[in-house]
Every structure is written in C-alpha cells, then in structure tokens.
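> Starting off with a structure, shown below.
Quick note: the coordinates plus some simple rules give every number you see, no bench work behind them. Note that the structure is predicted; figures quoted are calculated from it, not measured. FYI the Cβ positions are ideal-geometry reconstructions off the backbone, even for glycines, and counts take in every protein chain you see.
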Amino acid sequence: MRPRAFVPLAAVVLLSGCNVAGTPPGASPGRAAPSPAPASASPDAHEAQSTQAAPGAVDVLTYRGDAARTGAMSGPGPTGTPSVRWTFEAHAPIGTQAVVTHGVAMVVALDGGVHALDLVSGTERWSATTGAETHGSPSLADGLLIVGSNDGAHAFSTDDGHVVWASPATGNVRGCPAIVGHTAVFVSSGGVATALDARTGAKLWSRSLGVADNSSVAAAGGLAVLGLQDGSVVALDLTDGSMRWRADTGTGARIGTVAIDGGRVFVPTLDGGGAGSRTITTLDLATGGRLWRLASPGDKSTYAPAIGDGRAIVEGEDGSVTALDPATGAVLWQSRAPGLVEVVAVVADGVSYGASNGGFAFALDAATGVERWRVPIRGVPYGALVTSGMVIVGTSTGILYAIGGSAQ
C-alpha cells in the first residue's frame, strides 16, 4: 500500500458531526446504524444461499486472511443485491483491515483507538487504545488482539480489551506482524525485524535489515519475508532471525507487502524507482531466485495479488485488475475497478473483492473479471475482509462499513 494522505484527526471529528463522513442520517457518531438505502448490484450479480451473519462466523485472524498474505478468505461474501448493513464511526481515519473472531469484528484507527463490534449489528462491545498513532493492521492469536504502533507492540484481551502486555522493543511499526505459532514477527520503520512471544511480549530475537521497511511481514515455510524500500526482499528464519536469503528485484523501487503461495513470493514494487520500475516479480521462496516478472499496466503502482483457484488477481493504482497464472505470469483476463485503487484484492468463493478511491466497494467474478456488484462508500478505503456474508472495509473518513447481501 502507498502511504495514506489521511484527513487530520480533528477534521474527521468535525465532519462526522455534520453527517458528511458516511454516517447514515439519525445515527449517532461512534454507534452502528443501518444504511438508509440499498445500492444496486450489476446485472451479473447472482443469488445464492443466505448471507445473514451469525456469531459462529468464520474467523479472519490477520491482514489479508493469513500470515502468507495470500488474500484468500473463507467467506462467504454478499449475494443478491448488496447494500450497507451497518456503519461504525471510529472518530479517526481507519487505515487498517479489521479482524474477526467469535462473531466480533475488531478494528484499530489511526489515533490508536481499538474497537470491538458485534458482527451482526455493529454495536460496540468494548474499546481500548494503543495510546499512539497506529498504521498497521492487527492480528489475533492466543486470545489476544496484537498490533504494532508508533511506540511499539500492544496486546489486548479479546474478551474485554484490557491490556495484557506492551513492548517498546519493536520500535515504530507501520505494518501488520506475521504470527506463526506463538511467534509474532514485527518490522520497524527503522529497518529492524523483531520477534516477540505472542503470549507474553517477551523478546525472542531481532535482526537489523539495514533498510527501512513500512510494509507488513509475510510468513510461510518457516520464513518471515519482508519487502524493503530499496527494492530488495529478505527472508529470515522464524526460529532465530538468521538471514536465509536476500534478493534484489533490480527495480530500485519501494517494495510493498509481499504474498506467498505455492513456494513463490509475489513482490509488488510501488514507487521511487523511476519509469518502468513498477512490476510484480515472483521469487522462489526457498532460494530467492527470480521466477518471472510482469510490468504494471500503465506503469502505475501494483499491489500484491489475491491468490486462489489457480489465479493471482492483481489490482493497480490506475484501476486495472489483472488475473495472472501464478506459475508463469501469463495474463488470464483483464478488467477495470470503478475508480483508482490503493487496496489489495481479496478472494472468497470464486469472487474477487476490492474497494476504490472512486467511492465503491465492488466484486468481480474471479474466473472472468466481470463485475458482479458495486456499493457506494465514502473516503479512501483500506483492506477489506470477507466473512459471514459480508464485506467489511474502513476508510479515511473514520467509517467502518459492513456490506451484506439481500438473499435470505
């Protein structure tokens, strides 16, 4: 993801009181309320099973659905003619993806506010704070909500939000930690990777990378993989932080959060490398060797793919959506999002989901790229999650949207 040009916090609070930040008429700021009017689905929307959310909803424990950041989620997503089911006002921009466990959605806002919401109604169960500016998405592990912020790492009980532990050892964290077993790996904007015990916050190891990193950590195959701001990618052993390999993409551009699937590391280059530097490059997970590379359409920033069912679906800043063969990089189909995009795609049940700066959450058929539906939202969106018949996405206005289907 590119750095967000967020609205100042004070401005967001003032705007929300004027009902221009996306809160439905009659709703109180900080409370959930249903949308007053459903949005229209495209003609390709299809009917399926009930989408009513339930407390037994499938958990989404981390950014992009798993530590490998594949973007694959169990779903299901909305069916029929989707509309906004409820919204929640966080009083600060939301630049993180929410997570879900046991029928509760949890989201962290830029001001460090942590909000736990009933997944069905959007009613707030509890709230807490990191006490510092927070840009990274949270993860769930060991009954804790774990998140990095400008002053270190924080862990809250998922039951009531009380602080279980906090650690300054990670430094300034701008992305999401990768948690494997009881090991949580963070990377700081200063370029230091640090592993903590997810249960206690005790430091396990640290490793200087020599280059700044503001992305999220990905993990698979016993490795933590990080994309750096000089165009290189590093793989560290999860057990002790030792360097397993370091690869130069040759672009000189800033690397975004990588995705790992099928023994391949999908590396998006974002900006800073000059003309022709924006690509998707795949590396071998075991060695770091280059496998294939695809130039970004329009030479715009392209984000890590959502991977599933033999497709790697890539969204670009220019609104392009491209499905690739993960093994070869061959283009399977190309489509367009309804507006510019700074959100990585996610996939569930044969559908690709995204959100655009043009003001829509949207869904495309993952096999063909044909649009199934779009629903208006306000603000610059961040990562979406899909579970229990809903898409949940927050935006720079401080609104968390829950979009559900009409099929019952």
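> What's the Cα-based Rg to Rh of region 350-406, Rh via Kirkwood?
0.95
> Distance between the C-alpha centers of region 288-333 and region 230-275? Whole Å please.
Taking the Cα centre of each part, region 288-333 and region 230-275 sit 15 Å apart.
> Something else about it: Under a point spin-label approximation (7 Å from Cα along Cα-to-Cβ), what is the Asp284-Lys300 distance to one decimal in nm?
Going by the 7 Å Cα→Cβ label model, 3.5 nm.
> Based on the mean of other beta carbon atoms within 10 Å per residue, what is the order of 349-361, 378-390, most packed first?
378-390, 349-361
> Give me the log10 of I(q) over I(0) for region 161-249 at q = 0.18, 0.22, 0.25 Å⁻¹, as the Debye formula computes it from C-alpha points; what are the numbers?
Computed log10 I(q)/I(0) values: -0.69, -1.03, -1.32.
> Ranked highest first by average number of other Cβ atoms within 10 Å, how do 177-184, 206-213, 335-342 line up?
The packing order, highest mean first, is 177-184, 335-342, 206-213.
> Let me ask something else about it. Using the basic label-point model (7 angstrom from Cα toward the beta carbon), what is the Leu340 to Ala367 distance in nanometres?
Once both label points are built, they end up 3.5 nm from each other.
> Determine the shape class of region 216-365: with a ≥ b ≥ c the square roots of the Cα gyration tensor eigenvalues, call it rounded for a/c under 1.5, and otherwise prolate if a/b is greater than b/c, oblate otherwise.
Because a/c hits 1.5 or more and a/b exceeds b/c, region 216-365 counts as prolate.
> Name the residue farthest towards the positive end of the dipole of region 247-344 from the options Leu285, Gly319, Ser301, assuming +1 on Cβ of Lys and Arg, -1 on Cβ of Asp and Glu, about the Cα centre.
Projecting each Cα onto the dipole axis, the largest value belongs to Leu285.
> Compute the length gained on full extension between Ser189 and Ser406: take 0.36 nm times their separation in residues and subtract their Cα-Cα distance, giving the result in nm to one decimal.
Full extension from Ser189 to Ser406 adds 73.8 nm.
> Roughly speaking, what is the stretch gain from Asp142 to Glu124, that is 0.36 nm per residue apart minus the C-alpha to C-alpha distance, in nm to one decimal?
Full-extension gain reported as 4.3 nm.
> Using alpha carbon coordinates only, what is the Rg to Rh ratio of region 194-233, with Rh defined as the Kirkwood radius?
1.00
> Cut-off 13 Å, label point 7 angstrom out along Cα-to-Cβ of Leu61: give me the residues of region 133-157 whose amide nitrogen falls inside.
Counting only backbone N, you get 139-146.
> Using the basic label-point model (7 angstrom from Cα toward the beta carbon), what is the His102 to Asp237 distance in nanometres?
Taking the simple label geometry, His102 and Asp237 are separated by 3.7 nm.
> Give me P(r) over region 94-146, computed from all C-alpha to C-alpha distances, binned every 5 Å, as integer percentages.
Pair shares across the bins are 5, 22, 32, 27, 13, 2.
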